[in-house]
Structure formats: C-alpha cells, structure tokens
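Input: a single structure, listed below in structure tokens.
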Protein chains: 2
Amino acid sequence: MKKQNTLKIRFLGGVGEVGKNMTAFEYGNDIIVVDAGLSFPTEEMPGVDLLIPDTTYLEENKNKIKGYIITHGHEDHIGALSYVLKDVNAPVFGTRLTLTLIENKLKEHRLNSVSLNSIRAGSSIKLGCFNIEFINVNHSIAGAVALAITTPVGVVFHTGDFKIDYTPVAGEYTDLARISELGKKGVLLMLSESTNVEREGYTVSETVVGETLDKVFNANLDKRLIIATFASNVHRLQQILDLAVKYKRKVAFSGRSMVNVVESAKRIGELYVADNLIIDIDKIKNYRQEQIVVISTGTQGEPMSALTRMATGEFNKVVVGAGDTVIMSSSVIPGNEKMIYNVINNLYKKGADVLYETLEPIHVSGHACREELKIILSLVKPKFFIPVHGEYRHLKKHARLATTLGVNENNILIPEIGSTVELSSKSMKFGEPFKAGTRLVDGIEIDGSDSVVLRDRIHISEDGIMVVVVCKDMLTGQLVSTEIINKGIVIGDDTLTELSSLLSKSLDGVDLHLDDGITAKNHIRRSLKNYVFKKTKKNPMILPIIMEV
Amino acid sequence: MKKQNTLKIRFLGGVGEVGKNMTAFEYGNDIIVVDAGLSFPTEEMPGVDLLIPDTTYLEENKNKIKGYIITHGHEDHIGALSYVLKDVNAPVFGTRLTLTLIENKLKEHRLNSVSLNSIRAGSSIKLGCFNIEFINVNHSIAGAVALAITTPVGVVFHTGDFKIDYTPVAGEYTDLARISELGKKGVLLMLSESTNVEREGYTVSETVVGETLDKVFNANLDKRLIIATFASNVHRLQQILDLAVKYKRKVAFSGRSMVNVVESAKRIGELYVADNLIIDIDKIKNYRQEQIVVISTGTQGEPMSALTRMATGEFNKVVVGAGDTVIMSSSVIPGNEKMIYNVINNLYKKGADVLYETLEPIHVSGHACREELKIILSLVKPKFFIPVHGEYRHLKKHARLATTLGVNENNILIPEIGSTVELSSKSMKFGEPFKAGTRLVDGIEIDGSDSVVLRDRIHISEDGIMVVVVCKDMLTGQLVSTEIINKGIVIGDDTLTELSSLLSKSLDGVDLHLDDGITAKNHIRRSLKNYVFKKTKKNPMILPIIMEV
C-alpha cells in the first residue's frame, strides 16, 4: 500500500496559460477538483466560442470525484462547470455569490440535477480524506476564498485569486491572521497565483476607486454619467450606487449580465440597493441628464454590447452626446485594445467626454502584486511551492521570488497542463503525466482532434476558396461540363476565363471514368495552382468536386 | 482668380488612425505630398498583407504633383511609396538614411525610374510655389526632419514624428533654435504629431537605454547576449556595437532586414562599425558564449523571424539555452502582445533569461510626450492648429492641450481621412471632401470595393462553408445527382446523411429547368439552413452550384 502515501496533484488548466483554471487533488480513491474555468480563443481559432479543460481524466475516474470546490465566481474559475458537470456530476461547493453566478449558468444549460452547497469563509468541509477550510481573501469579486486543504500527507494552501486590500468596500480583508496561524502550524505545499508577479509594489485598494469616482461625480455635476464596469465586481457597483445616492442621481442598468448579477447579488444581500434608486433604462428620458447614472456592460468593446452600440449610435435607449461623461471603470484585457479604443474614439466623436486610464485610478487590479505575494510567502512559509495561474514567464518569476524568500530551489516545481505532481510529507516530484489539454467549444462542443477544421478555416480566411466542379459521364468517363466558383478571392474575369480553359485543356483526354477520384482531384489542383498564384499571389484552397451524371 | 487664394490641405491618411501617414498641400497648380506610409491590417481583414492610402485624388491630379517629401524612413511614412509611385511618379525628397531605406523598397518592386533627391536638415528646396525647409528632429530613427513649408498664404510647420532628446546618441538634437525663430517670425498653421499625447512628462533619452544596456552587459559577463531590436533604430544599434567593443565581444546579425539596414547605414556613414567587430552568424560556434552578441529582428514575435525560431528551437544557427540572456530592446506594438509573450515564454522554457519591460528602460519611445508637445506649441505659437498622427482620441486630447497653451479653440480643426482644409492668411475651414480611404494590399493590390471578399473570408473562417452541387438535366430540368461538401464545419455523418435526404426531398418536383438559378439557389439555402444551425449552432456559408448536364 506504499503507493497510497503520496498526494497526486493534477493540473488540468491554469498553468502556463491565463484562464481555464482547474486542479485536481487525488489521494487513494478520493479526488477533489478546485475550480473549473474557461478561457477565450486566440486569433488562431476563428469561430471558436470558448476553451475549456479536457477532462478525460476526470471522466475516467468519475467514481473517485467527491466534489468541485470553487474559489470565486469569475469565468476563468466557473465557466467550464456547465460543460464538465454534464459528463462528471458531483457536488459543487462555493460561497453564496459564487453559487448564484453558477446557478445562472446551469439554468442556461438546463442542468437541474446539480447539488450546489453554500459555504462560508471560516468554515470547513470534509470530502473523503480531505478537509477543506475556506479562508476569506480580497479580489475583484465578492465572496472569494483561499483554501487550506488538510490531506493525509500534510496541509496544502491554495491562494485562489487574491489581493490584500486593507480597506475593502465590504466585509473583511484577506484573513492574514488565519493564514499566519496555518503557517506557524506548518504548511507542506503552497500553490499561489502569479498574475501580477511582474508588477512591483502593492495593488491599490478598491476604496481608492470610490474616492476617484467621487471626484468624477463632483466634477460632472451637470453631465449624465455612463459608467462601464464588470458586472461581477459587486463592490464597484456598491460604490457607484452609494455615490448615486450621495449626488441624488437615479441609476439605470444596461446589459443583460449586469441586470442578472445585480438581481442575484441584491437577493443574497451582497449588494445594498436603496429604495427608489433604480429606474428602468426606458425611463431615463423622463429625467434631466444630470439626474442619471447609467451603469453598463461592454468594457471590452464587445461588438454587441450596449456601450459599443451607444458609441455607434445604434442603441436608441441611450443616445450619447455632448451632455455625457463616460467612465471606463475597467481594465483592458490584452487582445481587446483595438475594440476598446474604437468605442472610445466613437464616443469622443459623438461629443462625449471619456475617462479611461487616467493618472487617478478609476480601476484597480484584483490580483496581488509582488509585495503582496511576498507577504503570503512569508506568512505561509511553505516547505514546497508551486506557482500557478499564469503564463510560463509569470510562473518562472514567481518561482524565483519564492527562492529569495527562503523556499529551497529544489522544492519548487513549475507544472504544465497534464503534469502530475506527487507529494509526500518529505518530497515533491513530477509523476506520470496524464491526458489533458484544451477542448474547444464551437457552437457545439468539439475537441482538439478537429484541428483540421480550424486549419481549413484559417486557410480559407487568408487565401479564399476555389470550388471546381467537374461533371463526367458515368458511362463514358468523359467530361460533360465544368464550373469554377470563388469565395474570398480577388480575381479578374480574364483570369477566370483563362482558368476555365486551363482546366478543360488539362482534363482533355483524361479518362475520369477509370479514376478513383483522388488522382483526378490532384490533377485538377496541380493544373490550376501555379496560374492562380501567379495572378493573385495567393494560394486559395482548391476544392475539386467530381460529379458522375 | 480669388479661388487660388487658399491653400488646400488634403488628408489622405494618418488622421483618426495610427499609421498610413500622407498629407497633400495644394495651391493653384502645385501639389506636394508629405509622406506615403502604410499600416497593418486588423483582425477583420484576414489574408490582407498591408494597407495603403487610396490615392485616387493624386492620380486625378498627376500633373500638379511636384514631389514627395518624406520626413523619415519608418514604414508608416515610406511603406506606400512603392505602390503610389507606380501610378503617380514624381521626385522623392528625404535625408540620406530615409532615401537608402526607400531605395531598398523600390528595388524589391523593380521601380527604376524614380528620382531620389537627398536633402540635409537645415537646407531648403523649392517645389512650385512652395519652399520647403528641413529641420532636424530626434526620433527613433536617424535622419528625421520636421518641415517648415512657406506657402503663398503663410508658413506651415509640420512636426513629422519627433521627440526632444537633449542627449541624442549621434548628431544634433531637435533644432529648437530654428523652431523658435520660425515661431517669432510667425507660423500660420502647425500640424503636430499626437502619438504620445496621453503620456505625461517627457520621453526618456536614447542615451539612457545605452546606460541600461551597459549595466546588462556588465551583469551578464559569462552569458551570451541576444538583443532583439528594430532594425531601423540605427542609434540603438550604434550603442550596442559600442558596448560590444567595450566588453570585447563579437557581433553577429540575424534577420534579413537587420543585415540590409546595417549595410546601408554603414555605407552612408550613419553607423560606425569598428574593424573585425562583425562576424557571420554561421561563425558564432567558433567563439565562447561570453564572446558573442547576437542582434536580431523579431521584436514583435513575427512567426518567421529569427528570434521566434530561436525560441522554438527551429533556428539552428543560434541554439538558445541556459547560457543566454535575451534582451527585448523594443516596444510592444498593440495587437502583438500574444505573439511576443509566446516568444518570451518559449525562451524561458529553453532556460534562457529574458529581459523585457523592466523598471529600467531597455527601450524608449520615439514620440514626444505631453511636456514636449507643449514646448513645441509654445515655441511655434501657431495661429491655426491641426493635430495629426493619431486616433480620434489622441487628436481630441491634443486639440485640448493646444487650447490650454493659448491657441484659440475656433482655430483648431480635427480632420479625418478625405478632409480638405482650406487655409488663407486669415481663416481656416473645412472645404469639399475628396475621394480618399484605404487600399488593401492582398497578394496583388485590391481596393475597398472588394469588402465582400473580406466579408466572405470572415464568414467562412467563423462558420465554415457548405458546398451543395446539384446536377440537373439540361433537357428535362430534372435532378440528376447532388453532393454536399463541407470545409471548416464540425458535422456528424448522421447529420450529413439527413441533409442529403432533406436536399433531395426539397428539390423533389421542383422544375430546375424553368428556373433562372437564383430561385433554386435560395430554395436550397432555405431548405438546409435551419437544420444545419440546429445541429451545429453555426450558420456556415451555403454555396449552391447548379450544373446543367
């Protein structure tokens, strides 16, 4: 039974990449899964909606799975749940706001048979041989927790996503007292998030955003305010609502996810909404501009979002003009720069003033910067360390940071997706890797083996497609007629005529009847390819179709 | 002849966008064109190589064009020349390095009949009714100039791209003395670049980069150094070469554009290369790692660049490992983040150390920040002001900045592409807009009217294409055979079988003979569309082809 003396930590996502966080802890016949997030596709994946972890390993070990522990309600931690639960159903544990956000998602996916279990920071649960304690942390969403997992080999501390905000908007700050206590008793392994390891110093407190917004309200007493922010940042919303009360404005929400989150957060008491504060977006025309705050989604310039449509004048509920000040109370997610600045440019063109990325913080990060990472490392004093949640460069830098704080270099591992880490009370090493990777959700779910579909899409999107239909007589094998049709190619009529004659000439005397199809198709491709490239400097996909008539 | 009393300034590019800079100054029968740049396509333009200004207006006024004045040799100022000169040939004027870079491009395009005229900062030329004086400015490329254009209505000052570097690496700093003099005599209109109007303070001097690099050389005495930088930043190259001499290292260049620029800059004396300093990249294996500096292209993570291939281990001339320190002495051009960080992650995985975006500057901007823009506005004291080179948000902020420095709000215009500004000694106003816009270079050149080609590419790249071939009997009009072929769609065999039978059923009894083709095609699309969406949650392009046999 020696084999059972190690804890196996399996990385299904969130290491060597940003997003799609998912880690499984396995001991004997017990598995618990921490987080089940999604990430968004890159440019090399046209048409793909989102990415989730490949959970083959979990499917193959269904019976062992005792539950999903969710650290907080951001998409990169909950977004894959609806997909994963379809294959591997198990109880889900999280704080109230987290569960509320998960519930909204499960409804969309019509998943009714999932057991959702609300936990509180400060409490513990037992799942198989694991005891999981939930520890309050600050983050850019309410109800975020870190985890102290007591396993048969020792205590594993998982930070989740966190920052240390000594002046949070609501609730407690990151429970440093409890974390110190754990550190004193001895933590065997820490997994700590690495998002902001490249940023020196400390993250700014969420309260400071409130102070800046107060100044903005005060400087724009005669303007309508339109504030774009992330729906899930409930504390940001609370600060805006409080300012609306202070400055005697009504609040209208715009965007479905905003309305949903506000509804849910209010219901569970995470958001306090004063009486008569909220009005329907259709009613704003009944008020003067200086009496209104619109809170909107669309911080990333999403094409269909309310803010984007306001900027182009296509959103007739909110017509933007010189009487408006728009505040982008959000960060720029890398890759979205062009879309966001498009929206900003269009808002300026409509005459509005736009505040974004100013010297004063109208947005702050939810992730610990270097000094905060150092505090946690110093308090927890883990024997072993694994940096998580980041690209390789982040993990590498976080590993280096840990060594400067006394973690032995040999006691640090940088895993990748599919890595198994074997942990005993005395040692940590890589075990056998397991099947893991990325599943693409593309309308219906598809998996990695369909990379040929993506290759075809990219090929056609860059060079276009030329469909060549050839009809042959079923009896004689002789050519009856041909047609060439192009999509996504710039090609002159002369070139097309020439291609038709090239095609006929090249098929002249070829007995299509005896052919298996493959040879004739290659023949057609070859006969057209060079001429097409010469005339267009492109290599479109040539798709021959041979019809028997 | 009253009409001739205004100067017409025509904006062909570079306003309301970044890149593709091109402005024409027209008075009576004389036109001069300042710059002819390109820009790079956005994600919405798959397969497009580059973008250049639509120069229909210049083609229609060929006879008036007296010359092209090029402020410096960056792509966004020279990149369109090779295309534009094919249609509208006229003499080109620029400093030596600028002309050398243009010459390389013209060679690639086999343009031999272009008149290239070298000018010096401090000198003037006369073209038609215009007198153009070239004024030295600092920028991230050597040989950059601003222009003082004396026109019949008054003096127009065009900053080009500039910064104020009091400690430049070579040559003089921005000629503030001459600029003040012009300001005292009276400048009617200033056009000033707006790139960094959102950045407070001053740009850091290029010399500071040298100091940082010196520290890096000193801290990595036992390592091989690989420095990625922009080939055209000759002063950066000079500093690296000087450090190589100081630290007794040999220099090897990697990347075709790097080799070309070094060759050209050396030839015209812009780059001083010590004897026996340079070795061929193939020879680096004859030296110990600490004796080598490799200077490489590939700062933007371009897939085929030397640095990207080093990072993936595909470049066998430079095998990267734990003995290497890689320095990214470059900025991240928005949109390239993912590619660049991919390269950095891969370099780390190979064991190399990577320096990028550290606290100490290993790269500085070539564009004036707010305080520098203020200096120029204060010295030039123009009566009229037009902010150029920037997105709308930049131009808007630069316009506001100008008002705080005493330019009358009514004397400022923000043009867009296709705007004509009419300037007399007393007034400035918008005139009739002219035909302008963007031409897409896509293998062969195409123009804006082919947007349907781009729409098709994007549609297919996101949803795939379904080709439906239907053969009908020429005489009876009856269906003979059908075939459905998919590319870029994830679809099950069952669904395909069902689609075939749906198709046959829907065509049953339809007299294809009497049909003009359009109706039948729409009929085919309609009959398949809903079922395809139901099964795939996608709307592929359905391309019916009806063959008569």
In 10 Å bins starting at 0, how do the alpha-carbon pair distances of the range A:453-549 split up by percent? 16, 49, 28, 7
Give me the angle, in degrees from 0 to 90, between the Cα long axis of helix A:518-536 and the longest principal axis of the Cα atoms of chain A, rounded to the nearest 10. 80
Sparse-neighbour loop sites [GluC sites (Glu not before Pro); the range B:236-321; at most 12 other C-beta within 10 Å; DSSP]: B:314
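The range A:221-317: D in µm²/s via Stokes-Einstein (Kirkwood Rh, Cα pairs, 4 °C, 1.567 mPa s)? Present the calculation step by step, with values, prior to reporting the outcome.
Numbers: Rh = 13.6 Å.
In µm²/s, the coefficient is 95.
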Could you compute Rg(Cα) / (2.2 N^0.38 Å) for the protein assembly as shown, with N its residue count? 1.03
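At 1.4 Å probe size, with every protein chain present, just tell me what the per residue accessible area of chain B comes to in Å².
Numbers: 22750 Å² over 549 residues.
On a per-residue basis, chain B sits at 41 Å².
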Heavy atoms of residue A:400: accessible area, 1.4 Å probe, square angstrom to 10: 100
Can you list the trypsin sites (Lys or Arg not before Pro) in the range A:55-155 that are in a DSSP coil and have 14 or fewer other beta carbons within 10 angstrom? A:110, A:120
Among A:427-433, A:140-146, B:488-494, how do they line up from the highest to the lowest mean number of other beta-carbon atoms within 10 Å? A:140-146, B:488-494, A:427-433
Residues of the range A:28-63 that bury at least 50 Å² of accessible area, probe 1.4 Å, when all protein chains are present rather than the chain alone, are A:43
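Which sequence of B:541, A:304, A:474 reflects their accessible areas, 1.4 Å probe, from the largest down?
Details: B:541 15, A:304 145, A:474 100 Å².
Greatest to least solvent exposure: A:304, A:474, B:541.
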Crossing angle, helix B:337-349 versus chain B [Cα axis fit, 0-90 degrees, rounded to tens]: 80
Inter-copy distances for residue A:86, label 7 Å out on the Cα-Cβ vector, sorted ascending, nm, one decimal, are 5.0
Compute the separation of the alpha-carbon centres of the range A:337-381 and the range B:36-75 and state it in Å as a whole number. 35
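Ordering B:49, B:463 by accessible area with a probe of 1.4 Å, largest first, what comes out?
On the way: B:49 80, B:463 30 Å².
Order by accessible area, largest first: B:49, B:463.
Rounded to two decimal places and with Rh computed the Kirkwood way over Cα pairs, what is Rg over Rh for the range A:278-341? Intermediate results must be reported in sequence, preceding the final value.
Details: Rg = 12.5 Å, Rh = 12.8 Å.
So for the range A:278-341, dividing Rg by the Kirkwood Rh gives 0.98.
Interface A/B, total buried accessible area with a 1.4 Å probe, nearest 100 Å²?
Working: alone 25350 and 25360 Å², together 45480 Å².
Counting both chains, the buried surface is close to 5200 Å².
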Calculate how steeply helix B:256-267 sits against the longest principal axis of the alpha-carbon atoms of chain B, using the helix alpha-carbon long axis, and give the answer as 0 to 90 degrees to the nearest 10. 30
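Work out the mean other chain Cβ neighbour count within 10 Å for the residues of B:75-88 and drop it here as an integer.
On the way: counts 0, 0, 0, 0, 0, 0, 0, 0, 0, 0, 0, 0, 0, 0.
Average neighbour count from other chains, rounded to a whole number: 0.
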Diffusion constant of the range A:1-151 at 10 °C, which comes from Stokes-Einstein with the Kirkwood Cα-pair radius and 1.306 mPa s, µm²/s: 101
Placing the label point 7 Å from Cα along the Cα-to-Cβ direction, what are the distances from residue A:493 to the equivalent spots in the other copies, shortest first, in nm to one decimal? 4.6
Roughly what would the spin-label model give for residue B:288 and residue A:290, points 7 Å off Cα along C-beta, in nm? 7.6
Residues of A:341-348, mean number of Cβ from any other protein chain within 10 Å of their own Cβ, rounded to a whole number? 4
Report, as an integer, the average count of C-beta atoms from other chains found within 10 Å of each Cβ along A:466-473. 3
A correct Stokes-Einstein calculation for the range A:146-261, using the alpha-carbon Kirkwood radius, 20 °C and 1.002 mPa s, returns a whole-number D in µm² s⁻¹ of 124
Which loop GluC sites (Glu not before Pro) in the range A:356-417, with loop taken from DSSP, have no more than 16 other Cβ atoms within 10 angstrom of their Cβ? A:357, A:416
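In terms of the ratio Rg/(2.2 N^0.38 Å) built on C-alpha atoms, what value belongs to chain A?
Details: Rg = 28.6 Å, N = 549, 2.2 N^0.38 = 24.2 Å.
Rg over 2.2 N^0.38 Å, computed on Cα atoms: 1.18.
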Suppose each label sits 7 Å from its Cα in the direction of the beta carbon; what would the residue A:432-residue B:500 distance come out to in nanometres? 4.3
Modelling each spin label as a point 7 Å along the Cα-to-Cβ direction, I'd like the residue B:59/residue B:29 distance in nm, to one decimal. 2.4
Going down the list A:537/B:86; B:86/B:435; A:223/A:317; B:487/B:538; A:338/B:487; B:381/B:426, which pairs span over 22 Å between their C-alpha atoms? A:338/B:487
So, over other residues within a Cβ distance under 12 Å of residue B:466, counting Lys, Arg +1 and Asp, Glu -1, the net charge is +4
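Report in % the part of the accessible area of the protein assembly as shown that belongs to carbon and sulfur, leaving out ligands and nucleic acids; probe 1.4 Å. Walk me through the numbers on the way to the answer.
Working: 22450 of 45480 Å².
C and S atoms contribute 49 percent here.
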Would you mind calculating the gained length between residue A:120 and residue A:304 on full extension (0.36 nm times residue separation, minus the Cα-Cα distance), in nm to one decimal? 62.6 nm
7 Å along Cα→Cβ, label-point gaps from residue A:173 to other copies, nm, shortest first: 4.4
Which residue in chain B puts its Cβ closest to the axis that rotates chain B onto chain A, and at what distance in whole Å? B:461, 2
Protein chains only, probe 1.4 Å: how do B:287, B:272, B:202, A:392 rank by accessible area, largest first? B:272, B:202, B:287, A:392
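The values are calculated or read from the model by the stated rules, or taken from the named source; none is laboratory data. For clarity, every value in this text was computed on a predicted model and none was experimentally measured. In this analysis, Cβ positions are derived from the backbone assuming ideal geometry, glycine residues included, and neighbour counts consider all displayed protein chains. For the accessible areas, the whole protein counts, side chains as well, though only heavy atoms, and no ligand, DNA or RNA atoms are used. Shrake-Rupley method; radii C 1.70, N 1.55, O 1.52, S 1.80 Å.
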